[in-house]
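Take a look at the structure below.
The values are calculated or read from the model by the stated rules, or taken from the named source; none is laboratory data. Bear in mind the structure is a predicted one, so any value in this text is a computation, not a measurement. Neighbour counts run over all protein chains shown; Cβ positions are idealised from the backbone, glycine included. Each accessible area value is taken on the protein alone, full model and side chains, heavy atoms only, with ligands, DNA and RNA left out. Shrake-Rupley method; radii C 1.70, N 1.55, O 1.52, S 1.80 Å.
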Amino acid sequence: MTTQILIAGFGGQGILFAGKFLANKGMLEGRYLSWLPSYGPEMRGGTANCSVVLSDDPVGSPIVNHPDVLIVMNLPSLDKYEDAVVPGGTIFVDSTLIERKVNRQDVKSIYIPATKIAQQNGIPTLANMILLGKVMKETEFVSYQGIEEAVRSVVSAKHADLYELNLKAIRMGYEYQEQ
Amino acid sequence: MANKVLMKGNEAIAEAAIRAGCRHYFGYPITPQTEVAAYMAKRMPKVGGTFLQAESEVAAINMVYGVASTGRRVMTSSSSPGISLKQEGISYIAGSDLPCLVVNVQRGGPGLGGIQPSQSDYFQATKGGGHGDYHLIVLAPSSVQEMADMTTLAFELADKYRMPAMLLADGTIGQMMEPVELAEPEEVVFTEKDWAVTGTKMQRKHHIVNSLYLNPEVLEQKNMERFARYAEIEKEEARYESFLMEDAEYCVVAFGIAARVSKNAVVAARKEGIKVGLIRPITLWPFPKEVMAKAADRVKGFVSVELSMGQMIEDVKLSIECRRPVLLCNRTGGMIMSPDEVLNSIRALCGGEAK
């Protein structure tokens, strides 16, 4: 099985980091994978996106043109990539930052106010990881088991204090119940 | 995958170079290869090596020339516009018969171009680049693992044939991360070369490193000798990967990132019942001519897939002596074709509906 994931939002939201977490999780699970960032004259506040491919076979193109899973953290990204998702795919929307609903009827749409949850819990920079918690709850392309090791491999030694907070964020997303 | 680490392609080049015994890096920053220099800046001092950010690309390549003349493993890296600046030095190094590694993580051109991935330096890399009669050994990695492996191979081939080798990558392979297994570090054992300038200590006749031969008879002889070596390399060192070619009626030719995209398209075309395979040149010089010629005996046509206005396609046509049609599937300027675009070219080649 091959899963193509596209994560998109503003620079500074941890888009690339979220992709790195998925890539590391995949590697720890013994999958083939690729991680490809958008690169360019981007900066905080600009657009950022990241392609991750996880597969049981060697990965062909690392460029995700038609994602199975789209994770969006701002409106321009939903506008840009909604139509690219494969029929039957899943779109995860940070509903704090994106007010509109997904237009397509042939995809599964999941809304979570990740940024609001992050702000209310004193971890305003970790909405990305809350979203990933939700992604792991709703899909099976990576397992929720073993998130500790995966977080450890992406949180650098310099930021060791963020290890617990990242885990907390993932767990909050995973356990989130719609009110 | 216990021994694998997740790394960017650019970082894999730098780590592999250090493990291959390279202790001298000279460069000047440019997107999308800056991670090579950044990694070297961090690691070289820890292994007793030299990292130096030169005042320009021209300075960097001449520093490479200097270290290469001592017989030590040395490298530089840059991206397209920076590689153009280095051409004079590369020609001098080739003319002096010295080994070194030059990495080009290509971006769109010409001119300052853009910073997105490209393969439009193919001609420059494989047909000379600088002035005079010479070649580089040109390796084209298409995964992060190959970025590491081919760095090692490039040093070995450069040493073996006493000539510069080039790793011709692109922005995608440089920027992407994949799991990679790195070779055990080589102990740096320096064997005195019988041509290197390392000081005679009044014990031997001095060696001369030079590319200036004012006597045309001598220069002609030098070039003839060099090309005899090139002929041997063309015979011995052409490398490629063959994918689903056993029963193929059509053949896609692509290298680097374009080969990755093409693989998806070949798999999709097979699902439609089109018998198509892929030949991925791993060495661009020497170009794997023989396998192309043999494929032409069996297949009905070729598609050359590349991120340029069509450069490798000329070598494909020459290799098969134009015996079969060769279509071009290309994007340029930093754009990358989708697997669907390659699939459409494959369909067009075999006379399908999507002509």
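Checking residue B:206 against (1) part of a helix (DSSP H, G or I); (2) loosely packed, with under 14 Cβ neighbours inside 10 Å; (3) outside the structural domain of residue B:117 (by TED's automatic domain parsing), which single condition isn't satisfied?
Checking residue B:206 against (1) part of a helix (DSSP H, G or I); (2) loosely packed, with under 14 Cβ neighbours inside 10 Å; (3) outside the structural domain of residue B:117 (by TED's automatic domain parsing), the one that fails is (1).
When the stretch B:12-39 is examined, which residues are found to be open to solvent by less than 50 Å² (accessible area, probe 1.4 Å), charged (D, E, K, R) and within 23 Å of residue B:99 (Cα to Cα)?
Scanning the stretch B:12-39 gives B:15, B:23.
State yes or no: is residue B:260 surrounded by 24 or more Cβ atoms within 10 Å (Cβ to Cβ) and within 30 Å of residue B:111 (Cα to Cα)?
Working: surrounded by 24 or more Cβ atoms within 10 Å (Cβ to Cβ): yes; within 30 Å of residue B:111 (Cα to Cα): yes.
It is true that residue B:260 is surrounded by 24 or more Cβ atoms within 10 Å (Cβ to Cβ) and within 30 Å of residue B:111 (Cα to Cα).
Output the residues belonging to the stretch A:7-16 that are among the hydrophobic types (A, V, I, L, M, F, W, C) and surrounded by fewer than 24 Cβ atoms within 10 Å (Cβ to Cβ). Before you say what the answer is, go through the steps one by one.
We begin by selecting, within the stretch A:7-16, every residue among the hydrophobic types (A, V, I, L, M, F, W, C); these are A:7-8, A:10, A:15-16.
Scanning the stretch A:7-16 gives A:8, A:10, A:16.
Given the conditions (1) more than 14 Å from the chain's Cα centre (by Cα); (2) free of Cβ contacts under 8 Å to residues at least 60 places away in the same chain, report the number of the one that residue A:36 does not fulfil.
Against the list (1) more than 14 Å from the chain's Cα centre (by Cα); (2) free of Cβ contacts under 8 Å to residues at least 60 places away in the same chain, residue A:36 comes up short only on (1).
Only one of (1) at pLDDT 95 or above; (2) assigned to a loop (DSSP other than H, G, I, E, B) is not met by residue A:43, so which one is it?
Going through the list (1) at pLDDT 95 or above; (2) assigned to a loop (DSSP other than H, G, I, E, B), residue A:43 breaks only (1).
What are the residues in the stretch A:129-174 that are acidic (Asp, Glu) and either in contact with a Pro (Cβ under 7 Å, 6 or more places away or on another chain) or assigned to a loop (DSSP other than H, G, I, E, B) (or both), if any? Reasoning before the result, please.
From the stretch A:129-174, those acidic (Asp, Glu) are A:138, A:140, A:148-149, A:161, A:164; that's our starting set.
Passing the criteria: only A:140.
Among the candidates B:8, B:42, single out the residue that is at pLDDT 95 or above, surrounded by 22 or more Cβ atoms within 10 Å (Cβ to Cβ) and within 14 Å of another protein chain (Cβ to nearest Cβ). Don't jump to the end; show me each part of the working.
Values: B:42 fails: surrounded by 22 or more Cβ atoms within 10 Å (Cβ to Cβ).
Answer to the selection: B:8.
Each row is one residue, and each column tells you yes or no for (1) touching a residue at least 12 places away in the same chain (Cβ under 8 Å); (2) of a type in the set (Val, Ile, Thr); (3) crowded, with 19+ Cβ neighbours inside 10 Å.
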site: A:121; (1), (2), (3): yes, no, no
site: A:126; (1), (2), (3): yes, no, yes
site: A:130; (1), (2), (3): yes, yes, yes
site: A:133; (1), (2), (3): yes, no, yes
site: A:137; (1), (2), (3): yes, no, no
site: A:154; (1), (2), (3): yes, yes, yes
site: A:157; (1), (2), (3): no, no, no
site: A:160; (1), (2), (3): no, no, no
site: A:175; (1), (2), (3): yes, no, no
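Can you name the residue in the stretch A:17-76 that is more than 11 Å from chain B (Cβ to nearest Cβ) and β-branched (Val, Ile, Thr) and, of all such residues, is surrounded by the fewest Cβ atoms within 10 Å (Cβ to Cβ)?
A:47
Among B:96, B:84, B:118, B:91, which is the only one that is within 14 Å of chain A (Cβ to nearest Cβ) and either of a type in the set (Gly, Ala, Ser) or open to solvent by less than 10 Å² (accessible area, probe 1.4 Å) (or both)? Write out each step before concluding.
Values: B:96 fails: within 14 Å of chain A (Cβ to nearest Cβ); B:84 fails: within 14 Å of chain A (Cβ to nearest Cβ); B:91 fails: within 14 Å of chain A (Cβ to nearest Cβ).
Result: B:118 is the single residue among B:96, B:84, B:118, B:91 that is within 14 Å of chain A (Cβ to nearest Cβ) and either of a type in the set (Gly, Ala, Ser) or open to solvent by less than 10 Å² (accessible area, probe 1.4 Å) (or both).
Need at least 3 residues that are in contact (Cβ under 8 Å) with a residue 12 or more places away in the chain, of a type in the set (Ser, Thr, Tyr) and out of contact with any Phe, Trp or Tyr (no Cβ under 6 Å at 6 or more places or on another chain) per element, so show me which helices (runs of 4 or more DSSP H) inside the stretch B:37-150 make the cut, counting only ones lying wholly within it. Give the steps one after another, and end with the answer.
Working: elements: B:57-68, B:80-95, B:122-126.
Because the criterion is at least 3 residues that are in contact (Cβ under 8 Å) with a residue 12 or more places away in the chain, of a type in the set (Ser, Thr, Tyr) and out of contact with any Phe, Trp or Tyr (no Cβ under 6 Å at 6 or more places or on another chain), the helices (runs of 4 or more DSSP H) in the stretch B:37-150 that meet it are B:80-95.
Per-residue answers, yes or no, for (1) over 29 Å from residue B:151 (Cβ atoms); (2) out of contact with any His (no Cβ under 9 Å at 6 or more places or on another chain); (3) surrounded by fewer than 18 Cβ atoms within 10 Å (Cβ to Cβ):
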site	(1), (2), (3)
B:297	yes, yes, yes
B:303	yes, yes, no
B:308	no, yes, no
B:324	yes, yes, no
B:333	no, yes, yes
B:338	yes, no, yes
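Scanning the stretch A:1-16 for residues that are of a type outside the set (Gly, Ala, Ser) and part of a strand (DSSP E or B), which turns out farthest from the other protein chains (Cβ to nearest Cβ)? Break it down stepwise before answering.
Taking the stretch A:1-16 first, the residues of a type outside the set (Gly, Ala, Ser) are A:1-7, A:10, A:13, A:15-16.
This time we only want the ones that are part of a strand (DSSP E or B), so: A:2-7, A:10.
Numbers: A:2: 10, A:3: 14, A:4: 10, A:5: 14, A:6: 14, A:7: 14, A:10: 19 Å.
Per the stated criteria, the residue is A:10.
Starting from residues that are among the small types (Gly, Ala, Ser) and within 14 Å of chain A (Cβ to nearest Cβ), keep the ones in the stretch B:150-196 and report whichever is surrounded by the fewest Cβ atoms within 10 Å (Cβ to Cβ). Walk me through how you get there before you give the answer.
So in the stretch B:150-196, the residues among the small types (Gly, Ala, Ser) come out as B:154, B:158, B:165, B:169, B:171, B:174, B:183, B:196.
Subset that is within 14 Å of chain A (Cβ to nearest Cβ): B:169, B:171, B:174.
On the way: B:169: 31, B:171: 29, B:174: 32.
Filtering the stretch B:150-196 for residues that are among the small types (Gly, Ala, Ser) and within 14 Å of chain A (Cβ to nearest Cβ), the one surrounded by the fewest Cβ atoms within 10 Å (Cβ to Cβ) comes out as B:171.
Would you list the strands (runs of 3 or more DSSP E) that sit entirely within the stretch B:258-347 and hold 3 or more residues that are of a type outside the set (S, T, N, Q) and modelled with pLDDT of 95 or more?
Working: elements: B:276-281, B:283-285, B:301-306, B:326-330.
It comes to B:276-281, B:301-306, B:326-330.
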